[in-house]
1. Considering A:Val78, A:Val115, which residue is out of contact with any strand residue (DSSP E or B) (no Cβ under 7 Å at 6 or more places or on another chain), closer than 19 Å to A:Ala279 by Cβ, modelled with pLDDT of 95 or more and hydrophobic (A, V, I, L, M, F, W, C)?
2. Quick test for you: out of A:Arg58, A:Arg71, pick the one residue that is within 30 Å of B:Gly175 (Cβ to Cβ), in contact with a strand residue (DSSP E or B) (Cβ under 6 Å, 6 or more places away or on another chain) and modelled with pLDDT under 95.
3. Are there any pairs with C-beta distances below 7 angstrom linking a residue in segment B:229-252 that is more than 8 Å from every other protein chain (Cβ to nearest Cβ) and modelled with pLDDT under 75 to a residue that is part of a helix (DSSP H, G or I) and crowded, with 20+ Cβ neighbours inside 10 Å, with the two at least 6 apart or on different chains, and if so which?
4. Please enumerate the residues belonging to segment B:206-215 that are buried (at least 24 other Cβ atoms within 10 Å of the Cβ) and more than 7 Å from chain A (Cβ to nearest Cβ).
5. Return the total of residues in segment A:85-111 being under 25 Å from A:Asn226 (Cβ atoms) and in a helix (DSSP H, G or I).
6. Would you please list the contacts, defined by Cβ atoms under 8 Å and residues six or more apart or on different chains, that run from a residue in segment A:33-45 that is farther than 13 Å from A:Glu10 by Cβ and at pLDDT 95 or above to a residue that is among the hydroxyl-bearing types (Ser, Thr, Tyr) and surrounded by 14 or more Cβ atoms within 10 Å (Cβ to Cβ)?
7. With the structure loaded, tell me whether B:Gly203 is buried (at least 24 other Cβ atoms within 10 Å of the Cβ), in contact (Cβ under 8 Å) with a residue 12 or more places away in the chain and either out of contact with any Pro (no Cβ under 6 Å at 6 or more places or on another chain) or over 27 Å from B:Gln187 (Cα atoms) (or both) or whether it fails that test.
8. Condition check: surrounded by fewer than 22 Cβ atoms within 10 Å (Cβ to Cβ), aliphatic (A, V, I, L, M) and in contact with a Gly (Cβ under 8 Å, 6 or more places away or on another chain). Does A:Val145 satisfy that?
Number of protein chains: 2
Amino acid sequence: MGGDSAPMIEVQGAVAAARELSDSVEIVLVGDEDRICRHYDRDEGDRLGIRIHHTTERITMEESAAFSFRRKQDASIVVATRLQKEGEIDALVSAGNTGAVVTSSLLTLGRIAGVLRPAIAVLVPTPTGHTILLDVGANSDCKPVHLYQFAVMGMIYAREIFGVADARIGLLNIGEEDSKGSEVAVQAYRLMHEARPHLNFIGNVEGRDVLKGTADVVVCDGFTGNVILKFAESVVGMVMQTVRSGVEKDMKIRLGAMLLKPVFRRLKSRFNYEEYGGAPLLGVNGVCVISHGSSSAFAIKNAIRVAAQSVQNRISDRIKEELDREQAESRVLG
Amino acid sequence: MGGDSAPMIEVQGAVAAARELSDSVEIVLVGDEDRICRHYDRDEGDRLGIRIHHTTERITMEESAAFSFRRKQDASIVVATRLQKEGEIDALVSAGNTGAVVTSSLLTLGRIAGVLRPAIAVLVPTPTGHTILLDVGANSDCKPVHLYQFAVMGMIYAREIFGVADARIGLLNIGEEDSKGSEVAVQAYRLMHEARPHLNFIGNVEGRDVLKGTADVVVCDGFTGNVILKFAESVVGMVMQTVRSGVEKDMKIRLGAMLLKPVFRRLKSRFNYEEYGGAPLLGVNGVCVISHGSSSAFAIKNAIRVAAQSVQNRISDRIKEELDREQAESRVLG
């Protein structure tokens, strides 16, 4: 109920997912039953096995996550996480308040044993595909070991969802040399370096390298990740705006812009991650995929697909196994 | 001697500056005399008052700053900083190794009394002009009071060089609320908030706001600043590349790209700061302007202009006065 066009877009995306993935996915729509019902054909929904779990409250985009979690125990996000905890559902997809999804997942589902901090992973476009960037906002302050665990979780996400064996891991930093950067970055570098060859750590990557695709997974603290992600969106916006402002003045440029429309459309779509639908919160004891508040139904459908794959490939178990194995090999983790 | 096309571009820029600013500026070229002389007409140079200070060494882009500073005491960067310390010159402009310029300036010129950490300030484009962003790389780890001082130095730079009275100061953060972000950001917010109305602090700005121009000065730690600056360059590069890859396939897109060339040219120039020529290292006891290694002669000329304005408007004195005044009013600074 928390997305910008909720629940319409969510319902449309869920129906599309149910049609496409009906063999493997059962959808439960968690929210206001009356409002949900306005947006789809119940008969078809029943045939597709879509159920509704009625809730009375919603958390808006503006509300404080911690406060609304305590106060709104019947909010759709809170109820959906509880349903997952109780085993009623296997995964949660939400286009609502990111902070509320993170808080509710953390406090209700808890963390995978061994994981110190869950992290949000997004996909950024590269010339040949995409790079996984994490954390982009769950943790403002990170210790080296947190960054190290992000690398491990990113590696498993790359492998289980995108089939990338032995993902190349890069540490976002301000220079390539191992002595560069903040104290946290220098120590995280060492942890990742020591974890080779098990972790395919390729070293520091600079801001300019993220979009080049030199790494399959780029690790950073949630402060830096969040800032650059939002900054990137605005750079693309600025490009568009510069073109538009030229367009107003000049016929030739107007024609040029018209001809280039398909290129700009492609460009915009490469940066809005809709293809992949959402950003998983890796490290919680369950599956939680966060979609952009302004997601399309197409994005929601894809987020449901990613959530289903995460359940099928047992991502949380894989993360736990990896950390257990490392602890057994007594590599530094604390 | 350290720029990508040194000393040719530097000499051409210096000659252009001497022609344009001959009333107010005397140029001293610090570097290998033989190589410098190949790139300009000595007769005209003499008329313009250009002098050469011969040095035998240079620090390359790849060299470690601290190491090369100790080992290469006759490197052009090191000698130029020493000449400033000795009062032979008033300001330094370099397109060489940024780390070496920062190290040499810090160790030779020292900091302005009261300044805890000098910071590098760049200009990023906005719809109506530009925003000053600092620090972009001099300090990977920052305390709240460092960020606070960056705000003060940014305010003075905006006022003395760009004539912006009462510059709007924003703190780069991951949300607008005062409780958002890293511990350092939360505390820096409080320091800046308490400094109002003397400091025109408008609160947190997010990554997406930097290019909108909502603030005249955006403050962040040097790690985040460096990462987003380099990331921004690569986003523009990616836009170009996406257009080019479309161009190869389609005649209509080829025509569109041709017609839009002036727009793309404008776009690229908005992001490479050449208009302003360089980034001052604010807070050192002197004037030090760092230009991009791949600067054009036009950029070098403009960097010299900024350096001259910084001397004429006595930026370092203004920073000192501001910090003194604050200490006298016993606002928290340590």
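1. The conditions single out A:Val115.
2. Just one listed residue meets the conditions, A:Arg58.
3. Taking only residues 6 or more apart or on different chains, the pairs are B:Val247/B:Ile253; B:Val247/B:Ala257.
4. Within segment B:206-215, just B:Ala215 meets the criteria.
5. 11
6. Hits for this filter: zero, empty list.
7. no
8. yes
The values are calculated or read from the model by the stated rules, or taken from the named source; none is laboratory data. Worth saying up front: this structure is predicted, and the values here are computed from it rather than measured. Neighbour counts run over all protein chains shown; Cβ positions are idealised from the backbone, glycine included.
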